[in-house]
Amino acid sequence: MDLSANYMYTKFFGRNLNSIACKCVVLVVVALVIRAVLLPTFSAFGGIEQQDLVFIHSRSLSFNSEFGIRNDKFLEVPQIVWGLNNQKIAFARACLTARMLNRTLLMPSLSASLFYKEIDLLQPISFDKVFQFEKFNSLCKEFVRLGRYSDLLNQTEVYELRKGSGRKWTIERDLDQLRQHSKDPFDGYEVIRIVGKNPFLWQDHWPIKDYARVFECLVLVDEIAKEADLVVSKIKEKGMDVRSKIESLQNGVSSERSTLEPVPYVAVHMRIEIDWMIHCKKLEQRLNISQICSSKEEIMERVGNIMGLKTPTVVYLAVADSLLDDSTILNGWKEGLLPVEKKKLGVDGIYKKYPYLIQSAIDYEVCLRADIFVGNSFSTFSSLIVLERTQKMIKTGVTSSCRTDVRWPSYAYNILGESKAPRRWMTSMSDSSLQAISYGSNDISC
């Protein structure tokens, strides 16, 4: 080709390539190539829904996705039931199941009342009436996510996933079922609804650290938190009154309360009610161990032997309502320990305003904030409090509760420790499941 021909060739194509029409053609071709390469093949539930022209795109599950949990695919679970802490575990397990499926968990109903067998008598209560919804999503951002039913677009029918049960339904089969439902065609459904048993009874596939991450995001609504504040303030007032009287007797003059050193308080989750004693005795026989049940005398003695316990100290007894009229739980404590419960503090009226679940949430918060907590290692209530207190300790750089100068110390009164005191207790954050917390253990740190 000669120079003249080259010039004409370049001039012709240069002019046309710079034209708007030609640029549009190039862009369309590039877009088609990208679509063919990057977008997945659509299945019956993963393509374009012809009737409503709704684009439904599914992508593979990625725990470390830079985009976080999907907000257009949802998981629905049954009403969460039983005691407060069983419900917290069930909720966390539902969150982690949704995370595995890369779905947003639709805000579940909790149970305000406590009925173990009469399911029809369970009183549902919305999650956001107990815990802060927006705060949860903010604290758990990109780990798990809660959604509202108003977020649904009803793009597809709801797919019902029935959980297996019985001895043949192994943890491996359950995990395989979840993995299958994280893929097409199931992943194309906007909502997967799990039907069957309470999430607390689902197989456990997650390490304790994942559960702890969810629990940290559970913040009580202001109304309940303020009630807990009031109870704690009453406990501290009780301690200040006693200290003021002691100072007055020693110095001969009354001291200003504002100048007095705050009196610490110990919270004891005292499990001695009849139904618990029946349960723990059967559990001891079944597990062939003797460190589950404790009498009130044993609890009193061991709490009084805690090393370094300064006096006066207020001892808040977190007990069942059936024990509030039993005056003997306030007698027999070591000198310098000042036992109180809801009734003696004059706060039982606060608790009576609310259903069982809220009462438990208030008591949980009071025990969580205590200078020292003493509980039973086979109680879910006690175990979750210790888990949270362990997290607080770890954040301050403490890795072992064996030291005597740690903040947020916890003890298990059902296990004998040094000097006839209760055993020091710190949750093992390396556990591969929540088994020890869900069902109890006498294998505790220190």
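Data for the structure
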quantity	calculated
Tally, over region 370-387, of residues that are more than 16 Å from the chain's Cα centre (by Cα) and buried (at least 18 other Cβ atoms within 10 Å of the Cβ)	8
Count - residues of region 129-143 that are assigned to a helix (DSSP H, G or I) and either without any contact (Cβ under 8 Å) to a residue 60 or more places away in the chain or of a type outside the set (A, V, I, L, M, F, W, C) (or both)	6
Single residue of region 223-237 satisfying the filter (in contact (Cβ under 8 Å) with a residue 12 or more places away in the chain and of a type in the set (D, E, K, R)) that is least open to solvent (accessible area, probe 1.4 Å)	Glu227
Count of region 303-331 residues which are closer than 22 Å to Ala361 by Cα and either within 29 Å of the chain's Cα centre (by Cα) or open to solvent by less than 10 Å² (accessible area, probe 1.4 Å) (or both)	11
Subset of region 335-363 (residues that are hydroxyl-bearing (Ser, Thr, Tyr) and either open to solvent by 10 Å² or more (accessible area, probe 1.4 Å) or touching a strand residue (DSSP E or B) at 6+ places or on another chain (Cβ under 7 Å) (or both))	Tyr354, Tyr356, Ser360
Filtered residues of region 277-300 (kept if over 16 Å from Ser441 (Cα atoms), free of Cβ contacts under 8 Å to residues at least 40 places away in the same chain and surrounded by 11 or more Cβ atoms within 10 Å (Cβ to Cβ))	Met277, Ile278, Lys296, Glu297, Met300
Condition met for Leu114 (open to solvent by 20 Å² or more (accessible area, probe 1.4 Å), in a loop (DSSP other than H, G, I, E, B), closer than 24 Å to Tyr364 by Cβ and out of contact with any Asp or Glu (no Cβ under 6 Å at 6 or more places or on another chain))	yes
Close pairs (9 angstrom Cβ cut-off, 6 or more residues apart or separate chains): more than 24 Å from Gly308 (Cβ to Cβ) in region 254-274, modelled with pLDDT under 80 and not basic (Lys, Arg) anywhere	Ser254/Glu247; Ser254/Ser248; Ser255/Glu247; Ser255/Ser248; Ile272/Leu323; Glu273/Ser322; Glu273/Leu323; Ile274/Ser322
Output for region 67-92, where each listed residue is surrounded by fewer than 24 Cβ atoms within 10 Å (Cβ to Cβ), of a type in the set (A, V, I, L, M, F, W, C) and farther than 25 Å from Leu152 by Cα	Trp82, Leu84
Flag if Leu106 is aliphatic (A, V, I, L, M) and surrounded by fewer than 17 Cβ atoms within 10 Å (Cβ to Cβ)	no
Residues that are more than 13 Å from Thr427 (Cα to Cα), at pLDDT 95 or above and β-branched (Val, Ile, Thr), drawn from region 360-396	Ile362, Val366, Ile372, Val374
Single unsatisfied condition, Val77 versus (1) in contact with a helix residue (DSSP H, G or I) (Cβ under 6 Å, 6 or more places away or on another chain); (2) at pLDDT below 95	(2)
Filter result (open to solvent by less than 100 Å² (accessible area, probe 1.4 Å), modelled with pLDDT of 65 or more and either in contact with a Cys (Cβ under 9 Å, 6 or more places away or on another chain) or of a type outside the set (S, T, N, Q) (or both)) within region 117-129	Leu122, Pro124, Ile125, Phe127, Asp128
Enumerated helices (runs of 4 or more DSSP H) restricted to region 215-325, each holding at least 1 residues that are among the hydroxyl-bearing types (Ser, Thr, Tyr)	222-251
Residue count, region 407-436 (criterion: within 17 Å of Val374 (Cβ to Cβ) and open to solvent by less than 30 Å² (accessible area, probe 1.4 Å))	13
Flag for Ala98 being buried (at least 24 other Cβ atoms within 10 Å of the Cβ), modelled with pLDDT of 95 or more, out of contact with any Asp or Glu (no Cβ under 9 Å at 6 or more places or on another chain) and within 19 Å of Leu384 (Cα to Cα)	no
Cβ-Cβ under 6 Å pairs, at least 6 apart or on other chains, region 86-103 side in contact (Cβ under 8 Å) with a residue 12 or more places away in the chain, far side of a type in the set (Gly, Ala, Ser) and not in a helix (DSSP H, G or I)	Leu101/Ser182
Selected residue (only one of Leu178, Leu161, Leu146 is under 16 Å from Ala94 (Cβ atoms), open to solvent by less than 20 Å² (accessible area, probe 1.4 Å) and free of Cβ contacts under 8 Å to residues at least 40 places away in the same chain)	Leu161
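The values are calculated or read from the model by the stated rules, or taken from the named source; none is laboratory data. Model, not experiment: these values are computed from the prediction. Here the Cβ is made from the backbone with ideal geometry for all residues, glycine too, and neighbour counts use every protein chain on show. For the accessible areas, the whole protein counts, side chains as well, though only heavy atoms, and no ligand, DNA or RNA atoms are used. Shrake-Rupley method; radii C 1.70, N 1.55, O 1.52, S 1.80 Å.
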